[in-house]
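Participant: If you scroll down you'll find the structure; I have some questions about it.
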């Protein structure tokens, strides 16, 4: 019997198209002798669809035509129900599209990588690949992530954060705080987006105001970071769980400007995209053994303190002026699942997917051993009630 995997992708996110590319790469990497894969596309409107037409990337040039070839589907939120159902079924025929053994989310950004989708799957009781709700949420939010990392002794650059409502009500005070604590230049980012969306730098007060206003279009939580001027960016991937994981060789993505842009990451200088595979990079990065070992160690430690699982990529900044190494962010569902880094480390793409499913099933087995409720019904005890209301004692 083949393992039935449902790969979810797309979603209500500014990283929607990149998710499609990453997912199709992953789907085609599964060993067809061992796995049967059901693609589930989440539209930008949030509806779920399944069908073989989803497996060809050229079909996404005309989404309405593509969806006409697919069935709208859904999960029932009851625990223990592992079936994917067809919406709006007719009078005859089964409305079960597939019986799922494990879910593989390849959803980048909000409403998918941030723990919201993981919460849906938790309610069904299905095993799923990647980080759980807490790790996903903490990894996605740049502010919470940096708080946890700094508290754990992992180096991050200095920052100031605030909400968009705070910015509107206290703009002058927040500008003064940024100038006093960080100075210029700074980098301004939405608090919970990836793929360099909404990110810009500011060299002065006018630039700061402009950058914050831009970032505010994408998120309610905003972060301003001290800009590393003599910047070198290094990435490293990690796989496993918090207690047992391994890292890849390091890569150095090549940028065309002061920050690694969306175009640098996904267009590779051209008009077409192959996901993160398109990024111009050096693998392995030209680093001394000492710096490489430090980055790989910090990658593993970041994965651990955030209680991650599956595969992730940790992005670093090196200050060439001082040699300081900082963790920039973690990507808990990295573009292209960082398969290119694993292949450079000796793990083929099909083996990567096989290991990720194995990690998911192991975590599910371990979770099933934990106590989540008691068999005893307190309503039968006959105590602690008064007038039909439960008394607090």
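Participant: Give me 131, 70 sorted ascending by neighbouring Cβ count inside 10 Å, so fewest comes first.
Facilitator: Placing the least packed residue first, the sequence is 70, 131.
Participant: Once each part is reduced to its C-alpha centroid, what is the distance from the stretch 180-204 to the stretch 312-370 in angstrom?
Facilitator: When both Cα centres are located, 25 Å separates them.
Participant: Once a ≥ b ≥ c are taken as the square roots of the eigenvalues of the Cα gyration tensor of the stretch 28-90, is the result rounded (a/c under 1.5), prolate (a/b larger than b/c) or oblate (a/b not larger than b/c)? Please report the intermediate quantities before stating the final value.
Facilitator: Values: a/c = 2.10, a/b = 1.10, b/c = 1.90.
Verdict is oblate for the stretch 28-90.
Participant: Shifting gears a bit: Can you give the FRET efficiency to the nearest 0.05 for residue 379 and residue 34, using r as the Cβ-Cβ distance and R₀ = 51 Å?
Facilitator: Values: r = 47 Å, r/R0 = 0.93.
My answer for the efficiency is 0.60.
Participant: What is the helix-to-structure angle for 16-29, meaning the angle in degrees between its Cα long axis and the longest Cα principal axis of the chain, kept from 0 to 90 and rounded to the nearest 10?
Facilitator: So the helix axis and the longest Cα principal axis differ by about 60 degrees.
Participant: Calculate how steeply helix 205-215 sits against the longest principal axis of the alpha-carbon atoms of the chain, using the helix alpha-carbon long axis, and give the answer as 0 to 90 degrees to the nearest 10.
Facilitator: Taking Cα atoms only, the helix is inclined about 10 degrees.
Participant: Let me ask something additional. Given points 7 Å out from each Cα along the Cα-Cβ axis, report the residue 122 to residue 168 separation in nanometres with one decimal.
Facilitator: Inter-label distance under the simple model: 3.1 nm.
Participant: Moving on to the next point. Could you tell me the relative contact order of the stretch 158-226? Use alpha-carbon pairs under 8 Å, at least six residues apart, and round to a whole percent. Could you put the intermediate results ahead of the total?
Facilitator: Details: 116 pairs, mean separation 31.2, N = 69.
Value for the stretch 158-226: 45 percent.
Participant: Determine the shape class of the stretch 287-336: with a ≥ b ≥ c the square roots of the Cα gyration tensor eigenvalues, call it rounded for a/c under 1.5, and otherwise prolate if a/b is greater than b/c, oblate otherwise.
Facilitator: Details: a/c = 2.15, a/b = 1.85, b/c = 1.16.
Verdict is prolate for the stretch 287-336.
Participant: With both bridge residues required to lie in the chain, what share of the DSSP beta bridges run antiparallel, to the nearest 5%?
Facilitator: Percent antiparallel among DSSP bridges in the chain is about 75.
Participant: Between the stretch 37-93 and the stretch 157-177, what's the alpha-carbon centroid distance in Å?
Facilitator: Centre-to-centre (Cα) distance: 42 Å.
Participant: Same structure again: With a ≥ b ≥ c taken as the square roots of the eigenvalues of the C-alpha gyration tensor of the stretch 3-128, please select rounded if a/c is under 1.5 and otherwise prolate if a/b is larger than b/c or oblate if it is not? The partial results should precede the final answer.
Facilitator: Details: a/c = 1.26, a/b = 1.11, b/c = 1.13.
Rounded, because the longest to shortest axis ratio a/c is under 1.5.
Participant: Taking only the C-alpha atoms, wrap a convex hull around the stretch 158-226 and report its volume per residue in Å³ as a whole number.
Facilitator: Values: hull volume 4.6 nm³, N = 69.
Considering the Cα atoms of the stretch 158-226, their hull volume per residue is 67 Å³.
Participant: Measure nothing but the geometry: give the 0 to 90° angle between the long axis through the Cα atoms of 142-151 and the longest principal axis through the Cα atoms of the chain, rounded to 10°.
Facilitator: 80
Participant: So, one more: Sort 171-179, 197-205 for me by packing, meaning the mean count of neighbouring Cβ atoms within 10 Å per residue, highest on top.
Facilitator: On the way: 171-179: 15.0, 197-205: 17.1.
Averaged packing, sorted descending, gives the order 197-205, 171-179.
Participant: Computed from the coordinates I sent, Cα extents along the principal axes in Å equals one of [x] 60, 56, 36; [y] 66, 61, 42; [z] 63, 53, 39. Tell me the label.
Facilitator: Computed from the coordinates, Cα extents along the principal axes in Å corresponds to [y].
Participant: What list do you get for 209, 359 if you sort them by fewest beta carbons within 10 Å? Numbers along the way, then the final one.
Facilitator: Values: 209 16, 359 21.
By the 10 Å Cβ count, ascending, the order reads 209, 359.
Participant: Would you order 302, 247 from fewest to most other beta-carbon atoms within 10 Å of each residue's own beta-carbon?
Facilitator: Working: 302 25, 247 22.
Going from least to most buried by this count: 247, 302.
Coordinate-derived values only; no laboratory data. In this text, all values refer to a predicted model and were calculated from it rather than measured experimentally. A quick note on method: Cβ atoms are made from the backbone with ideal geometry, for glycine too, and the neighbour counts reach across all protein chains shown.
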